[in-house]
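Have a look at the structure below, then the notes.
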Amino acid sequence: MSALGSADAGPATHEGAPSAVRELAAELLARTPQLADGMTDHLFAAMPELGAGDDELRAETRASCESNIAQILRLLKLGVGAEAIVLPVEAGEWVRGLVVRGITVAALLRAYRLGHAWLWERWSQALRDRLADHDELVVAQDQSSGFMFAYVDLISGVLVDEYGTEREKLMRSAAQLRAETVRAILAGEQIDQEVAAGRLGYELGRHHVALRVWGTGSELRGLERAATEAARAVGSGAPLVVPSGVASLDVWYGSRDAPDPQAVAALEAYEPPAGIRVAAGTPGHGISGFRRSHAEAVQAARLAALARGRVPAVATYRRVELVSLLASDLPRARAFVAARLRPLASPDEAAERLRDTVLASLAAGGSSTRVAKELYVHQNTVTYRVKRAEELLGRRVTEDPIELLCALTLAAVLGPAVLAGEDGGGDAG
């Protein structure tokens, strides 16, 4: 097995180097998604400026990596020169995402240099594994090395032009100034409140509710409409809307008085267009409240993404705060769920029924009557499920009930995000 994970075909001592390059590229095309995963992990580990917690940028980066790797392998397979490249759509989207986030063109070029080195290391090892003849290996490495250098040189030029065009558009608009001002506020920089309010066209000495609105492949106009509608559910007045990614917006609604509970309930009842999600922070006053509500909206959005449809289309932080805190370190949350639930951490439906019943039982103070009504099952069914769960847990559900309740809540809200890959070690029944 080569460094890139291609099929073991044995040394190609009787093949010419050009054909070996084409055949290896053809084999590796099927592994493009895995290569993209590896390259993305490498870039985020080597480049802190990309932001370790920006899941949307990570997804955009991965899509760009995959499109570039696929194009490189297709051209090598066909045996044509780097001059045949076209700018992948995903690479252009990635550049626009960098511009929106204020990430420099130097970082863009560094990412391509690092990606080039990462891919070349694996490609050259794959050639060494494949070609036993030294002369053929040298020819194959020279051919593919020249191609990859030419590819990165040509596409970097195109991307720099694309970056300049996108940045110029933003710099010509008030939107860029608003985005820079918002970034400064969120970063905790010292800023004159009146000057900032003038740049934003939005008063900062108010009560704020922050939203994050995002979608998969949604047009920005559709997101802006959803953002405006969601803000209007909280109250009247024009919201502050700032792009936070290619397909996401950060939104603030401000009012002189704190939003009442009915306004928050109206927001939770809002139904965004299909494919669009909304996350909301709790109300906060002044610049500190502006920041805090936004941080909460970001956490609610993160949880909604992890939950994969297990939370409403509008996820408010007040409803998901506990799970957000419990899942702030996801690997440790997975380990916690596995340790506390043991076989009940299995992702199958039988285990899920037992978990739901025990969770309802703990919430109902152990009343099987209340649980039976809530779950629409017979009381005997509740009793059986709780007993079966205790057998799998190896203890009574009333032992360490707080830890068990936290583990069950994580499993109920996040599902596969905390259960995937865990071996329950037994049949839930």
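The values are calculated or read from the model by the stated rules, or taken from the named source; none is laboratory data. The structure presented is a predicted model; accordingly, all values stated were derived computationally and were not measured. So basically every Cβ, Gly included, is an ideal-geometry build from the backbone, and we count neighbours across all protein chains shown. The protein model used for the area step is the full one, side chains on, heavy atoms only, and it has no ligands, DNA or RNA in it. Shrake-Rupley method; radii C 1.70, N 1.55, O 1.52, S 1.80 Å.
Quick notes
- Any hit, segment 94-108, residues being closer than 17 Å to residue 147 by Cβ, of a type outside the set (Gly, Ala, Ser), open to solvent by 20 Å² or more (accessible area, probe 1.4 Å) and outside any helix (DSSP H, G or I): no
- Cross-chain or 6+ apart pairs with Cβ under 7 Å, segment 134-146 first and closer than 18 Å to residue 78 by Cβ and touching a residue at least 12 places away in the same chain (Cβ under 8 Å), then of a type outside the set (D, E, K, R) and not in a helix (DSSP H, G or I): 140/131
- Qualifying residue in segment 149-156 (condition: farther than 21 Å from residue 92 by Cβ and more than 30 Å from the chain's Cα centre (by Cα)): yes
- A single member of 78, 114, 127 is within 23 Å of the chain's Cα centre (by Cα) and either within 22 Å of residue 41 (Cα to Cα) or not polar (S, T, N, Q) (or both), and it is 114.
- Within segment 374-384, restricting attention to residues that are over 14 Å from residue 359 (Cβ atoms) and in a helix (DSSP H, G or I), the residue that is most open to solvent (accessible area, probe 1.4 Å) is 384.
- Residues (in contact (Cβ under 8 Å) with a residue 60 or more places away in the chain and in contact with a Ser or Thr (Cβ under 6 Å, 6 or more places away or on another chain)) located in segment 231-264: 247, 250
- Qualifying residue in segment 376-386 (condition: closer than 21 Å to residue 308 by Cβ and of a type in the set (Lys, Arg)): no
- Per-region count, segment 385-396, residues open to solvent by less than 10 Å² (accessible area, probe 1.4 Å) and more than 35 Å from the chain's Cα centre (by Cα): 0
- Options 46, 36; residue that is of a type in the set (A, V, I, L, M) and in contact (Cβ under 8 Å) with a residue 60 or more places away in the chain: 46
- Residues located in segment 250-265, provided they are surrounded by fewer than 23 Cβ atoms within 10 Å (Cβ to Cβ) and within 22 Å of residue 305 (Cα to Cα): 264, 265
- Answer from 237, 188, 215 - the residue that is closer than 11 Å to residue 287 by Cα and among the small types (Gly, Ala, Ser): 188
- Subset tally (residues that are touching a residue at least 12 places away in the same chain (Cβ under 8 Å) and either open to solvent by 80 Å² or more (accessible area, probe 1.4 Å) or of a type in the set (A, V, I, L, M) (or both)) for segment 401-420: 13
- The set of residues in segment 229-241 that are outside any loop (DSSP other than H, G, I, E, B) and open to solvent by 10 Å² or more (accessible area, probe 1.4 Å) comprises 229, 232, 233, 234, 241.
- Some residue of segment 291-309 being more than 20 Å from residue 53 (Cα to Cα) and in contact (Cβ under 8 Å) with a residue 40 or more places away in the chain: no
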